[in-house]
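Following: one structure in structure tokens, then a few remarks.
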Amino acid sequence: MTCLPQPTSDVRLGLVIDLDTCVGCQACVTACKEWNTGGHMAPLTDYDPYGEAPDGVWFNRVHSYEHTKADGCGETVHFPRSCLHCETPACVTVCPTGASYKRASDGIVLVDEDKCIGCKLCSWACPYGAREFDTDVGVMKKCTLCVDRIYNENLPEADRVPACVASCPTGARHFGDLGDPASPVSQLVAERGGVDLMPELGYRPTNKYLPPRTRKAAAPAPALTATDGVGGLLGWVDRILSR
């Protein structure tokens, strides 16, 4: 089995995902697929993409759930899911060949395809369902945090973020060093009460989720009462425009 390395720095790169502003548009899913199908873990196989049961290898997936709030009102919550790059990842420690490994320099968890024998032990050990088995090549694949992008000095500095972050139209995804308490992502987690996914398991995910904010009750609309002799709808419009 594979041992976890001793960190050589305090850097822990990861994502912070805001469940309050994610609209489930799937832009992050599409951008991830587009970048990585020609990147570090390429190709990402598709199976019967135009048939009745399309499937394939996806590093990022977005699930949508209907949630009933305490006041009885319903809301839709969109939940993006990918590898969380845990501090103590079970997927690494169960690997018999060392194919699954954690980088000591930045905490990113990766797969060495040359060592992977397709035994699927890592996918069984991962409680977050973040591993994807590519049957075409017989190896396990997963989110890389776009390592071939975030360290690419040929790109403008603003573009050295994971593809999912760069493509999010609502700014629901944030990338940075969660090992630095002063970093923007760490401060965001502290301000919004960011949480680990299933912390009771003890794997200490690097990625954090920001819970939806509590909505304030909407102010009641002004009553349609008479004003200066003008009542009904016209009176209401007159009062609104006079503010």
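The values are calculated or read from the model by the stated rules, or taken from the named source; none is laboratory data. All values derive from a computational prediction rather than experimental measurement. Ligands, DNA and RNA are stripped out before the accessible areas are found, and what is left, the full protein with its side chains, is counted by its heavy atoms. Shrake-Rupley method; radii C 1.70, N 1.55, O 1.52, S 1.80 Å.
Helix-only mean residue ellipticity at 222 nm, the chain, DSSP H runs n ≥ 4 weighted -39,500 (n - 2.57), per residue, nearest 500. What is it?
Working: 7 runs with 47 residues, N = 243.
Value at 222 nm, helices only, nearest 500: -4500 deg cm²/dmol.
Rank these by accessible area, largest first, 1.4 Å probe: 134, 10.
Details: 134 0, 10 130 Å².
Descending accessible area places them as 10, 134.
If you restrict to DSSP beta bridges whose two residues both lie in the chain, what percentage is antiparallel, to the nearest 5?
Values: 23 of 26 bridges.
Roughly 90 percent of the beta bridges in the chain run antiparallel, per DSSP.
With the Cα gyration tensor of the stretch 1-90 giving a ≥ b ≥ c as the square roots of its eigenvalues, does the rule (a/c under 1.5 for rounded; else a/b larger than b/c for prolate; else oblate) give rounded, prolate or oblate? Write down the numbers at each step before the final one.
Working: a/c = 2.27, a/b = 1.18, b/c = 1.93.
Cα axes put the stretch 1-90 in the oblate bin.
Report, to two decimal places, the Cα Rg of the chain normalised by 2.2 N^0.38 Å (N = number of residues).
Values: Rg = 23.0 Å, N = 243, 2.2 N^0.38 = 17.7 Å.
Output field value: 1.30.
Quick one: how many Å² of residue 76 are accessible to a 1.4 Å probe, rounded to 10?
Estimated to the nearest 10 Å², residue 76 gives 70 Å².
Give the relative contact order (percent, whole number) for the chain; include only Cα pairs under 8 Å separated by 6+ residues.
On the way: 448 pairs, mean separation 63.9, N = 243.
With pairs under 8 Å counted, the relative contact order is 26 percent.
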